[in-house]
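Remarks on the structure that follows.
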Amino acid sequence: MSEPKIVLDEDDIRRTLVRIAHEVVEKNNGRPVALVGIHRRGAFLANRLHQLVCDLLDQQVPLGDIDIAFYRDDIASRRPDPHVNASNLDFRLEDYTVVLVDDVLYTGRTVRAAIEALFDYGRPQRVQLAVLADRGHRELPLRPDYVGKNLPTARAERVNVRVAEIDGVDEVTITELEEAFA
């Protein structure tokens, strides 16, 4: 069994989030923006990104998080008792460009579910997508607006994002699929 290949370490993730924060501020050019993290790790990344964007703008911007457990199109084939987190969107979506934040973009199905969940709360002016890692293999016609790192992968590989808030360490690794579940 080979060791996981570390593709982003703690410093890389920090620099990547700083770069994405600058891109969000620049692309939105003064338009009101809000950040919404997709549970689970996307919510922690959104929290970090939120602080960086607020510092750059020198003002507070709304922050929320959203759970997609019941919006997944594969819910019938998943565990019968999915882990469900509360969604927190305590601002009026219609007033903002919402930047959805997730850890890894793969098939696009998580993002589709997040957009569907988001629209149950309201209709944002626009929706943008920020991901820490884009590994390709899209099944839906989705493209992120902000990408931390493009990671060309094989389908037999898995991209693992670990964040200090949950895992005690910040890193992104690639493992062979059978190793990822070992």
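General remarks:
- Verdict on Glu165 being at pLDDT 95 or above, more than 14 Å from the chain's Cα centre (by Cα) and either outside any loop (DSSP other than H, G, I, E, B) or within 22 Å of Ser2 (Cβ to Cβ) (or both): yes
- Residue list for the stretch 80-111, filter: part of a loop (DSSP other than H, G, I, E, B), more than 19 Å from Asn47 (Cβ to Cβ) and touching a strand residue (DSSP E or B) at 6+ places or on another chain (Cβ under 9 Å): Tyr106
- If you check Leu52, Leu63, Leu129 for being closer than 21 Å to Val163 by Cα, among the hydrophobic types (A, V, I, L, M, F, W, C) and out of contact with any Phe, Trp or Tyr (no Cβ under 9 Å at 6 or more places or on another chain), only one passes: Leu52.
- When residues in the stretch 38-65 are screened for being within 10 Å of the chain's Cα centre (by Cα) and surrounded by fewer than 19 Cβ atoms within 10 Å (Cβ to Cβ), 1 of them pass.
- Candidates in the stretch 112-126 are the residues that are closer than 14 Å to Gly42 by Cβ and either aromatic (Phe, Trp, Tyr) or in contact (Cβ under 8 Å) with a residue 60 or more places away in the chain (or both); of these, the one that is surrounded by the most Cβ atoms within 10 Å (Cβ to Cβ) is Ala114.
The values are calculated or read from the model by the stated rules, or taken from the named source; none is laboratory data. No experiment lies behind these values; they were computed from the predicted model shown. All Cβ positions, glycine included, derive from the backbone under ideal geometry; neighbour counts span all protein chains shown.
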